[in-house]
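Here the structure comes first, spelled out in structure tokens, and everything after it is commentary.
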Amino acid sequence: QVQLVESGGGLVQAGGSLRLSCAASGRTISSYAMGWFRQAPGKERELIAGITWSGGETYYADSVKGRFTISRDNANNTVSLQMNSLKPEDTAVYYCAAAPNGVYWMGSQYNYWGQGTQVTVSS
């Protein structure tokens, strides 16, 4: 069983940047695909970024492509999400998740979740 803990959320002005981090414990995530989801009020949770176990391939939702970058550090069992050019519509709770089967581009394949971190972007 893997436990995931997100950090780095907060309040930022539109156009600003934040970096989210996800620390895994319980077992190594080096063989897992990892992803970041977000859920805005009244909306479904959506996969916005995914990365293969090696970091060699990534997936981004159209809404964040070109602004967000997912990365991982298997040696330290962490995953990060660099968010630039933030917009008010990026306001949501952001979740780190793990997909043991390695399918990084499909939200339904993620089985382990963190508790989430709030990101609020003011206009």
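Inter-part distance, the stretch 1-71 to the stretch 87-123, computed on C-alpha centroids, equals 5 Å. Computed over the chain with a Gaussian network model linking Cα atoms closer than 10 Å, the most mobile of G107, G55, G35 is G55.
Label separation (Q115 vs E46): 2.7 nm, computed from points 7 Å beyond Cα along the C-beta direction.
Based on protein heavy atoms only, the chain ends up with 48 Å² per residue of surface accessible to a 1.4 Å probe.
The peptide list 58-65, 80-87, put in order of mean Cβ contacts within 10 Å with the highest first, becomes 80-87, 58-65. Rounded to the nearest 20 debye, the dipole size of the chain about its Cα centre is 80 debye, using +1 on the Cβ of Lys and Arg and -1 on the Cβ of Asp and Glu.
Couplings 3J(HN,Hα) for the stretch 56-69, derived from phi with the Karplus relation 6.51 cos²θ - 1.76 cosθ + 1.60 (θ = phi - 60°), are x, 9, 9, 10, 9, 5, 4, 5, 10, 4, x, 10, 10, 9 Hz, where x marks Gly and Pro.
In order along the stretch 14-22, phi translates into HN-Hα couplings of 4, x, x, 10, 9, 10, 8, 10, 9 Hz, rounded to whole numbers, per the Karplus curve 6.51 cos²θ - 1.76 cosθ + 1.60 with θ = phi - 60° and x for Gly and Pro.
The values are calculated or read from the model by the stated rules, or taken from the named source; none is laboratory data. Because the structure is predicted, anything quoted here is derived from the model rather than measured. Please note: Cβ atoms are built from the backbone with ideal geometry, for glycine as well, and neighbour counts cover all protein chains shown. Surface accessibility is based on the protein's heavy atoms, side chains included, excluding ligands, DNA and RNA. Shrake-Rupley method; radii C 1.70, N 1.55, O 1.52, S 1.80 Å.
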